[in-house]
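Shown next, in structure tokens, is the structure this report addresses.
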Amino acid sequence: MSLPDGVERRAFDGSEEEWLATQGEPAYGEPVADGWRRWNPNRSKLGAMFEHEMETGLAGGETVLYLGAANGTTVSHVADFAGPTYAVEFAPRPVRDLLDVAESRPRLFPLLKDARKPETYAHVVEADVDAVVQDVATRGQARVATENAEFLADDGRLVAAFKARSEDVTRDPADVFDDVLADLESAYEVLETQRLEPYHADHLGVVARPK
């Protein structure tokens, strides 16, 4: 697996250990060295997917629709290496933080919208985006992915992290993930899956392309 252009492994704080990193203004108190920001996979599902060497299809410079941007931890790194990045978050408080993150990132466009209602931002988001990156901790995560498939280019990628406990805290996560993958089949061909332990418990990373 090759990392996207603009994502490298760098050492921080005099350590020999190398971490994922992007170039940009710090956003959440992360260590910085020579303009490179450490990307902690324990705080980022996409970072964990890179650590697991998943083939995300992200090469750098692509147009991204990011669903579940929260306060901008992961999407700040995405906007460092991608092209136009539309960041959808429905909670007003995190969006205020996201707006601060976007001040130094002209390619990052925060949207106070609900990812379950793509019709509310369809007039803003470009058609044929290269990637939909999803980290939405709500019931119906597969439905969010399928309803946002309309934005993807034919050769685009869904890069998603699905949280079992957001669907059903009483069921075995493996069974939940089986249902999620089955629900995705209406809109996607699944290319790769990977559990995201030890970085994130009961999460499944998925890379898929639209049918």
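The values are calculated or read from the model by the stated rules, or taken from the named source; none is laboratory data. What you see is a predicted model; the values in this text were computed from it and never measured. For neighbour counting, all protein chains shown are included, and Cβ atoms are generated from backbone atoms with ideal geometry for every residue, glycine included.
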Q) Scanning for something farther than 30 Å from E25 by Cβ and either within 17 Å of the chain's Cα centre (by Cα) or among the polar types (S, T, N, Q) (or both), does the stretch 119-139 turn up at least one residue? A) no
Q.
Here is a list: G14, G60, G29, G35. Which entry is touching a residue at least 40 places away in the same chain (Cβ under 8 Å) and either on the phi > 0 side of the Ramachandran plot or in contact with a Cys (Cβ under 9 Å, 6 or more places away or on another chain) (or both)?
A. G60
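Given the structure, is A127 modelled with pLDDT under 95, surrounded by fewer than 19 Cβ atoms within 10 Å (Cβ to Cβ) and in contact with a Phe, Trp or Tyr (Cβ under 9 Å, 6 or more places away or on another chain)? Lay out the reasoning, then the answer.
On the way: modelled with pLDDT under 95: yes; surrounded by fewer than 19 Cβ atoms within 10 Å (Cβ to Cβ): yes; in contact with a Phe, Trp or Tyr (Cβ under 9 Å, 6 or more places away or on another chain): yes.
In short, yes.
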Q | Index of the failed condition, V132 passing every other in (1) under 17 Å from V88 (Cβ atoms); (2) surrounded by fewer than 22 Cβ atoms within 10 Å (Cβ to Cβ) | A | (2)
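Can you tell me which residue within the stretch 28-47, out of those that are under 16 Å from the mean Cα position of the chain (by Cα) and part of a loop (DSSP other than H, G, I, E, B), is surrounded by the most Cβ atoms within 10 Å (Cβ to Cβ)?
We begin by selecting, within the stretch 28-47, every residue under 16 Å from the mean Cα position of the chain (by Cα); these are 39-47.
Now narrow it down to the ones that are part of a loop (DSSP other than H, G, I, E, B): 40, 44.
Numbers: N40: 18, S44: 23.
The selected residue is S44.
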**Q.** Subset of the stretch 13-61 [acidic (D, E) and closer than 23 Å to K163 by Cα]
**A.** E51, E53, E55
Q) So, in the stretch 60-97, of the ones that are in contact with a Leu (Cβ under 7 Å, 6 or more places away or on another chain) and among the hydroxyl-bearing types (S, T, Y), which residue ends up surrounded by the fewest Cβ atoms within 10 Å (Cβ to Cβ)? A) Y86
Q) Got a sec? Which of E150, E197 is under 18 Å from the mean Cα position of the chain (by Cα), modelled with pLDDT of 95 or more and part of a loop (DSSP other than H, G, I, E, B)? A) E197
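Tell me the residue from D178, D155 that is part of a strand (DSSP E or B), acidic (D, E) and either on the phi < 0 side of the Ramachandran plot or surrounded by 17 or more Cβ atoms within 10 Å (Cβ to Cβ) (or both), please. Walk me through it before giving the result.
Numbers: D178 fails: part of a strand (DSSP E or B).
Of D178, D155, the one residue that is part of a strand (DSSP E or B), acidic (D, E) and either on the phi < 0 side of the Ramachandran plot or surrounded by 17 or more Cβ atoms within 10 Å (Cβ to Cβ) (or both) is D155.
Which one is nearest to T146 (Cα to Cα), of the residues in the stretch 161-175 that are buried (at least 16 other Cβ atoms within 10 Å of the Cβ) and without any contact (Cβ under 8 Å) to a residue 60 or more places away in the chain? Can you show your working first?
Looking only at the stretch 161-175, we keep the residues that are buried (at least 16 other Cβ atoms within 10 Å of the Cβ), and these are 161-164, 166-167, 173.
From the residues that got through so far, the ones that are without any contact (Cβ under 8 Å) to a residue 60 or more places away in the chain too are 162-164, 166-167, 173.
Details: F162: 13, K163: 16, A164: 17, S166: 17, E167: 16, P173: 20 Å.
The selected residue is F162.
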**Q.** Which numbered condition T138 misses (of (1) out of contact with any strand residue (DSSP E or B) (no Cβ under 8 Å at 6 or more places or on another chain); (2) over 20 Å from E150 (Cβ atoms); (3) modelled with pLDDT under 95)
**A.** (2)
